[in-house]
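Enquirer: I have a structure here, written as structure tokens, and I will follow up with some questions on it.
The values are calculated or read from the model by the stated rules, or taken from the named source; none is laboratory data. Computed from a predicted structure; not experimentally measured. Here Cβ is always computed from backbone atoms with ideal geometry, including for glycine, and neighbour counts include all displayed protein chains. Accessible surface is based on the protein model in full, side chains and every heavy atom, while ligands, DNA and RNA are left aside. Shrake-Rupley method; radii C 1.70, N 1.55, O 1.52, S 1.80 Å.
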Amino acid sequence: MSTAQQVPDILSPEFAADPYPAYRVMRETAPLIWHEATKSYIVSRYEDVERVFKDKAGEFTTDNYAWQLEPVHGKTILQLSGREHAVRRALVAPAFRGGDLERKFLPVIERNSRELIDGFRHTGSADLVADYATRFPVNVIADMLGLDKADHPRFHRWYTAVIAFLGNLSGDAGVTAAGERTRVEFAEYMLPIIRERRENPGDDLLSVLCAAEVDGVRMSDEDVKAFCSLLLAAGGETTDKAIAGIFANLLRHPDQLAAVRADRSLIPRAFAETLRFTPPVHMIMRQSATEVELGGGTVPAGATVTCLIGAANRDERRYADPDRFDVFRDDLTTTTAFSAAADHLAFALGRHFCVGALLAKAEVEIGVGQLLDAMPDVRLADGFEPAEQGVFTRGPQSLPVRFTPVKG
């Protein structure tokens, strides 16, 4: 097993600037690394990350979320296992698939996207991150839950603090304090609303969560609050970065942008390839339940395992020419890209596969389609080169574009 000295450190400025060369070195020379600063074992190859996520042998748990998530969200569905997890997932999952999603929430997604685009469609310029991507998914989730969208600045501040807490690999005390403060503020905001919805249910997702029952089990106020907190953070940060990432990738590849504009059925392919090529979440942690042989070495029981999604999704053993963005690649299956059978790793896999994957797909299909309609000749602002930022989650911080406003 390698030590971190032999490869670029995941906490170094060089890694933050561009992690992909470091990922390649890890996959080739150090597929299992003990990283002292984060007290975790790092795996980077596709086969190893896939194995940890699928966990067919019961070797890995989400017990790490007790310290990684619980301080900011409270106890969430992600920490649960066995029947407790299955029942909780059965309570929340129906709202995020099939009929409910289409009937209730597609109009919400379409309306929120259109409202944001109306703010800049006549101007000929926009920052697709600040004016659209950071606002759209949070507005959708607030709308789905029946919360006041006028509180958007608070939601955004909260989820930004939560994501910073999750990605606080260096243990910054200020970031930790801000994350813990967010848990208190969010509880003070949400719990009265949850109690009111139990008394006076509506047709919104929050009311559905309050009323849902499986095998005689209902979610407590704390359960519902924790899930809403998780939904705002996970659904906001990831879809925000995915939409920004799709446009950054397509604007860098004008031929592929033209193809997607001409054939909107390619949008899911562009989304799937963006999730592979520049995933919004670069690392997810698990905990070993037993001693495990992994990545050519041994991980002891009870250890934190950091799975590098950003590295695994560019593994040359799994994808041809993995450092090339290509919506037409034939080794990424679009039909399964938003299910637990996905062959990229951006949504994790197995029983903790992202419950919001289809919601994200709907947001991206609608949002990207509406943006392309409003900006038929969209191009990067003169001299601007998109740059990703972040280590735990990663994406463009800014994406200024120019376009000719559509008449009408």
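Enquirer: Give the residues of segment 220-256 that are basic (Lys, Arg) and either in contact with a Phe, Trp or Tyr (Cβ under 6 Å, 6 or more places away or on another chain) or open to solvent by 10 Å² or more (accessible area, probe 1.4 Å) (or both), sorted by residue number.
Expert: Correct list: 241, 252.
Enquirer: Still on this structure, I have one more. Does any residue in segment 321-337 that is among the acidic types (Asp, Glu) come within less than 7 Å, Cβ to Cβ, of a residue that is open to solvent by 30 Å² or more (accessible area, probe 1.4 Å) and at pLDDT 90 or above six or more places away or on a different chain, and which pairs are these?
Expert: From segment 321-337, the pairs are 331/320.
Enquirer: From the residues in segment 321-357 that are modelled with pLDDT of 80 or more and not in a loop (DSSP other than H, G, I, E, B), which one is surrounded by the fewest Cβ atoms within 10 Å (Cβ to Cβ)?
Expert: Residue satisfying both the conditions and the ranking: 335.
Enquirer: Please go through segment 375-387 and give me each residue that is more than 20 Å from the chain's Cα centre (by Cα) and buried (at least 19 other Cβ atoms within 10 Å of the Cβ), ordered by number. Steps first, please.
Expert: The initial filter retains those residues of segment 375-387 that are more than 20 Å from the chain's Cα centre (by Cα), namely 375-385.
Within segment 375-387, 375, 378 meet the criteria.
Enquirer: If you don't mind, another one. Considering only segment 323-343, I want to know if a residue exists there that is more than 24 Å from residue 250 (Cα to Cα) and of a type in the set (Lys, Arg). Step through it out loud before you land on a result.
Expert: Restricting attention to segment 323-343, the residues satisfying the condition of being more than 24 Å from residue 250 (Cα to Cα) are 340-341.
So of that shortlist, the ones also of a type in the set (Lys, Arg) come out as none.
No, segment 323-343 contains no residue that is more than 24 Å from residue 250 (Cα to Cα) and of a type in the set (Lys, Arg).
Enquirer: On to the next question. State yes or no: is residue 203 open to solvent by 10 Å² or more (accessible area, probe 1.4 Å) and either touching a residue at least 60 places away in the same chain (Cβ under 8 Å) or in a loop (DSSP other than H, G, I, E, B) (or both)?
Expert: Considered against the rule, which asks whether it is open to solvent by 10 Å² or more (accessible area, probe 1.4 Å) and either touching a residue at least 60 places away in the same chain (Cβ under 8 Å) or in a loop (DSSP other than H, G, I, E, B) (or both), residue 203 comes out as yes.
Enquirer: Check residue 169 against each of (1) over 19 Å from residue 134 (Cα atoms); (2) free of Cβ contacts under 8 Å to residues at least 60 places away in the same chain and name the one condition it does not meet.
Expert: (2)
Enquirer: Can you tell me how many residues in segment 214-228 are in a helix (DSSP H, G or I) and more than 26 Å from residue 272 (Cα to Cα)?
Expert: 6
Enquirer: Still on this structure: Just give me the residues in segment 159-174 being surrounded by fewer than 16 Cβ atoms within 10 Å (Cβ to Cβ) and in a helix (DSSP H, G or I), in sequence order.
Expert: 173, 174
Enquirer: Moving on. Can you find a residue that is more than 18 Å from residue 285 (Cα to Cα) and part of a loop (DSSP other than H, G, I, E, B) anywhere in segment 386-396?
Expert: First, pick out the residues of segment 386-396 that are more than 18 Å from residue 285 (Cα to Cα): 386-389, 395-396.
Cutting the leftovers down to part of a loop (DSSP other than H, G, I, E, B) gives us 386-387.
Yes, the conditions are met somewhere in segment 386-396.
Enquirer: Any idea how many residues of segment 206-219 are among the aliphatic types (A, V, I, L, M) and open to solvent by 30 Å² or more (accessible area, probe 1.4 Å)?
Expert: Final tally of qualifying residues: 4.
Enquirer: Determine whether residue 218 is at pLDDT 90 or above and basic (Lys, Arg).
Expert: No: the conditions fail for residue 218.
Enquirer: Could you figure out which of (1) part of a loop (DSSP other than H, G, I, E, B); (2) under 27 Å from residue 163 (Cα atoms) isn't true of residue 405?
Expert: Among (1) part of a loop (DSSP other than H, G, I, E, B); (2) under 27 Å from residue 163 (Cα atoms), the lone unmet condition for residue 405 is (2).
Enquirer: Same structure again: If you go through segment 9-24 one residue at a time, how many are loosely packed, with under 15 Cβ neighbours inside 10 Å and under 19 Å from residue 315 (Cα atoms)?
Expert: Going through segment 9-24 one residue at a time, the tally reaches 2.
Enquirer: Follow-up question, since we're still on this one. Just to be sure I understand, how many residues within segment 152-199 are closer than 14 Å to residue 71 by Cα, more than 16 Å from the chain's Cα centre (by Cα) and of a type in the set (Val, Ile, Thr)?
Expert: Going through segment 152-199 one residue at a time, the tally reaches 4.
Enquirer: For segment 25-36, state whether one or more residues are modelled with pLDDT of 65 or more, within 30 Å of residue 339 (Cβ to Cβ), in a helix (DSSP H, G or I) and open to solvent by less than 20 Å² (accessible area, probe 1.4 Å).
Expert: Checked against the condition, which is being modelled with pLDDT of 65 or more, within 30 Å of residue 339 (Cβ to Cβ), in a helix (DSSP H, G or I) and open to solvent by less than 20 Å² (accessible area, probe 1.4 Å), segment 25-36 yields at least one hit.
Enquirer: Collect the residues in segment 120-137 that are among the small types (Gly, Ala, Ser) and either more than 18 Å from the chain's Cα centre (by Cα) or closer than 17 Å to residue 249 by Cα (or both), keeping them in residue-number order.
Expert: 124, 125, 126, 133
Enquirer: Follow-up question, since we're still on this one. Counting just the residues of segment 375-408 that are out of contact with any strand residue (DSSP E or B) (no Cβ under 9 Å at 6 or more places or on another chain) and touching a residue at least 60 places away in the same chain (Cβ under 8 Å), which one comes out nearest to residue 13 (Cα to Cα)? Outline the logic, then answer.
Expert: First pass over segment 375-408, keeping only residues out of contact with any strand residue (DSSP E or B) (no Cβ under 9 Å at 6 or more places or on another chain): 376, 383, 385, 390, 404-408.
Now drop any that are not touching a residue at least 60 places away in the same chain (Cβ under 8 Å), which leaves 376, 390, 404-406.
Working: 376: 37, 390: 10, 404: 38, 405: 40, 406: 42 Å.
In this case the residue turns out to be 390.
Enquirer: Is it the case that segment 180-194 has a residue that's assigned to a loop (DSSP other than H, G, I, E, B) and either modelled with pLDDT under 90 or more than 19 Å from residue 231 (Cα to Cα) (or both)?
Expert: no
Enquirer: For segment 135-158, name all the residues that are outside any helix (DSSP H, G or I) and of a type in the set (A, V, I, L, M, F, W, C).
Expert: Passing the criteria: only 147.
Yes/no matrix, rows are residues, columns are (1) of a type in the set (D, E, K, R); (2) surrounded by 19 or more Cβ atoms within 10 Å (Cβ to Cβ):
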residue	(1), (2)
361	yes, yes
366	no, yes
389	no, no
395	no, yes
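Enquirer: Six or more apart or on different chains, Cβ atoms under 6 Å: show the pairs whose first residue is in segment 184-197 and among the aromatic types (Phe, Trp, Tyr) and whose second is buried (at least 17 other Cβ atoms within 10 Å of the Cβ).
Expert: Final answer for the pair search is 186/158; 186/229.
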